[in-house]
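S.K.: This structure is in structure tokens; I'll ask about it shortly.
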Amino acid sequence: MYQQKSYHLKKSEADRKWLHIDATDMVVGRLATQIAMILRGKNKATFTPSADNGDFVVVTNCEKVKFTGTKWDDKKYFWHTNHIGGLKQRTAKEQLDKHPELIVMEAVKGMLPKTSLGRKQLTKLKVFKGETHDHQAQNPQTITVETKRKNKV
């Protein structure tokens with residue numbers, strides 16, 4: 001019996017597009033899952049787990065994202081200064097005031113593989129505060145992301 005060979009995408013065959021997402025009034029976790037799928041290329045028929053064939057994603061209005069529940073006060077962001085006793089933390093509300101783009105970046109980073117391929121895929125994510133971004137020359141195609149919870153039947 002004939003066995004069909006599995007398809008493996010080559011680096012030269014990757015067809016990458018630039019996509020734009022407006023994050024106004026979107027829940028962070030649901031937005032991040034959709035962005036992570038696009039960055040990995042899982043929305044394409046040519047998905048190959050070991051190859052980087054995802055698209056570039058430009059996110060604007062990151063300061064207008066939402067959290068559900070009491071995450072604005074309970075969720076903490078940690079980092080270390082590389083000095084003794086240098087562990088620092090901020091609540092999500094403080095992070096929104098100082099660096100709102102890091103809220104989306106950290107959420108997407110947690111949903112990508114913890115490998116060198118995942119770090120390379122994260123470099124294709126560009127997050128901006130406000131309406132404007134630096135990538136007009138790439139003509140990003142604006143898409144709407146489905147972030148609503150589906151009702152259980």
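Quick note: the coordinates plus some simple rules give every number you see, no bench work behind them. Because the structure is a prediction, the values reported are computed rather than measured. Neighbour counts are summed over all protein chains in view; Cβ atoms, including those assigned to glycine, are modelled from backbone coordinates with ideal geometry.
S.K.: Looking for whichever is more than 13 Å from residue 35 (Cα to Cα) and in contact with a strand residue (DSSP E or B) (Cβ under 9 Å, 6 or more places away or on another chain) here; the options are 120, 98. Which one fits?
M.R.: One residue alone meets the criteria, 98.
S.K.: Let me ask something else about it. Across segment 69-90, which residue is nearest to residue 29 (Cα to Cα) among those that are out of contact with any strand residue (DSSP E or B) (no Cβ under 6 Å at 6 or more places or on another chain) and polar (S, T, N, Q)?
M.R.: 70
S.K.: Here's another thing I want to ask about it. If I ask for residues that are surrounded by 12 or more Cβ atoms within 10 Å (Cβ to Cβ) and among the β-branched types (Val, Ile, Thr), which ones from segment 94-116 would you list?
M.R.: 103, 104, 108
S.K.: Counting only residues that are of a type in the set (D, E, K, R) and out of contact with any strand residue (DSSP E or B) (no Cβ under 8 Å at 6 or more places or on another chain), which one in segment 15-41 is nearest to residue 101 (Cα to Cα)?
M.R.: Per the criteria, the residue is 30.
S.K.: Do any strands (runs of 3 or more DSSP E) lying entirely in segment 41-144 carry at least 3 residues that are under 24 Å from residue 16 (Cα atoms), and which ones are they?
M.R.: Numbers: elements: 56-60, 76-80, 87-91, 125-127.
In segment 41-144, the matching strands (runs of 3 or more DSSP E) lie at 56-60, 125-127.
S.K.: Could you identify the single residue in 122, 117 that is under 17 Å from residue 53 (Cα atoms) and in contact with a Lys or Arg (Cβ under 6 Å, 6 or more places away or on another chain)?
M.R.: Exactly one of 122, 117 is under 17 Å from residue 53 (Cα atoms) and in contact with a Lys or Arg (Cβ under 6 Å, 6 or more places away or on another chain), namely 122.
S.K.: Scan segment 57-67 and tell me whether some residue there is among the polar types (S, T, N, Q) and more than 19 Å from the chain's Cα centre (by Cα).
M.R.: no
Yes or no, residue by residue, for (1) surrounded by 17 or more Cβ atoms within 10 Å (Cβ to Cβ); (2) free of Cβ contacts under 8 Å to residues at least 60 places away in the same chain; (3) over 19 Å from the mean Cα position of the chain (by Cα):
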residue: 7; (1), (2), (3): no, yes, yes
residue: 20; (1), (2), (3): yes, no, no
residue: 47; (1), (2), (3): no, yes, no
residue: 50; (1), (2), (3): no, no, no
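S.K.: Please identify the pairs in which a residue from segment 114-135 that is over 8 Å from residue 58 (Cα atoms) and touching a residue at least 12 places away in the same chain (Cβ under 8 Å) has its Cβ atom under 7 Å from the Cβ atom of a residue that is acidic (Asp, Glu) and not in a loop (DSSP other than H, G, I, E, B), counting only partners at least 6 apart or on another chain.
M.R.: From segment 114-135, the pairs are 129/63; 129/101.
S.K.: Given the criterion of a type in the set (Ser, Thr, Tyr), under 20 Å from residue 129 (Cα atoms) and surrounded by fewer than 16 Cβ atoms within 10 Å (Cβ to Cβ), identify the matching residue among 70, 60, 91.
M.R.: 91
S.K.: Could you list, in sequence order, all residues of segment 37-67 that are more than 30 Å from residue 6 (Cβ to Cβ) and touching a Gly at 6+ places or on another chain (Cβ under 8 Å)?
M.R.: Passing the criteria: 60, 61, 63.
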